[in-house]
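Comments concern the structure below.
Readers should treat all values here as calculations from the given coordinates under stated rules, not as data from a laboratory. Since the model is a prediction, treat every value here as computed from it, not as a measurement. Virtual Cβ from ideal backbone geometry, glycine too; neighbours counted across all protein chains shown.
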Amino acid sequence: MAHCVVPEAEDILDKEFPVLDKGFIRLVDYLGGDDRVVQAARVSYGAGTKGYREDEGLIEYLLRNQHTSPFEQVVLTYHVKLPIFVARQWIRHRTARLNEISGRYSVLSDEFYLPAVEDMGLQCTDPKQSPAAAVLDRELAQRICAGIAAAQKQTYTDYTDLIEQGIARELARINLPLSLYTELYWQIDLHNLFHFLKLRLNVHAQKEIRYYAEVLLQITKKVAPQSCRAFERHVLGGVSFSQEEFTELQRRLGLAQGTASAASLQGKDLARFEAKLKGRG
C-alpha cells in the first residue's frame, strides 16, 4: 500500500477546534484516509487505481453493507479537552486507546465547565427524552449558574489549600467536581469512530457530548470525506426495518413479498425497490 497523505488533514493538524466554554478537539495524527479504505478493500483482487467515482461507489457499498474491516485501516489520534462528566461517557466506548492527564502527579487546572444559561433545563419525566428537555426561566437559570460557579471556585480553593499543606495530590483531588476539565489523547480507527458518532450524535445523547461529536465529525471529514459522506447517508440519515415492517413496506409499494430484509435485495430488485421509494417521495 502507498503511504496516504491527505492535504486537507495536513492543514488542520494540531489546530484547536473549540467545544463548550473551555474545551477543544485537535487532530494530532492520522494514518490513511479514503484511499486507504479503497486500497484495503481491493487488496484481495490486486486491482489497479480506479477513478474517483469508482472509489466513492466502493466506499458507499462497503459502508452500506457493513463490510467494516477496510475502515479499520484508517486510524486517527485526537487531543481532547473536556469536562470529566463528558469524559466518563466518552470512555465507555472501549474500542479506542487513550491516555488521560493524571491528578495523582499533576496539579489540576482551575478550569470548570459552566453551562450556558440557555442550556439549563428541568429533569424530564419521560425517560426516552432528553433529561434537560424543559428549559428554565432565564432569571432562575442565571441564579443557578452563578451558584454553580461559586461552588466550583470554593472547591478549587479547598483543593489548592490541601496542596499547600502538603497533602498528597491523589487525596487532595477527591472532592473536585465532575465539571472540572480534563485532557486526554484518544486514538481510534474509522469504523469504531463511526460507531461512536452514531451513538453520540443521536438526539438522546447528552447535549455536551453531542457538541463534541459534531466537531469530531467535521474534523474527520478532512481526513476521509468520502467515507464520512457515506456514513452520513447510510447511518446517520438511514433507517432500518424489522422483518414485519419490511414486509408491510413491500406490500404498500406493490413489490413481490418474501424477501427477508432490505439488506438481502440485490441488483435489479434493489434498483426497483429504491425507485419505488423515490417515486413515493
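In table form, for the structure just shown:
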item: Net dipole in debye of the range 49-108 [+1 Lys, Arg Cβ; -1 Asp, Glu Cβ; about Cα centre; nearest 20]; result: 420 debye
item: Over 30 Å between alpha carbons, listed pairs Lys153/Lys221; Lys15/Lys207; Lys153/Lys198; result: Lys153/Lys221; Lys153/Lys198
item: Length-normalised contact order of the range 85-186 in % [C-alpha pairs under 8 Å, at least 6 apart]; result: 40 percent
item: Packing-based order for 208-214, 245-251, using average beta carbon neighbours within 10 Å, highest first; result: 208-214, 245-251
item: Residue-span extension gain [Ser102 to Asp119] - 0.36 nm each, minus C-alpha spacing; result: 3.2 nm
item: Gap separating the Cα centres of the range 1-30 and the range 191-224, nearest whole Å; result: 15 Å
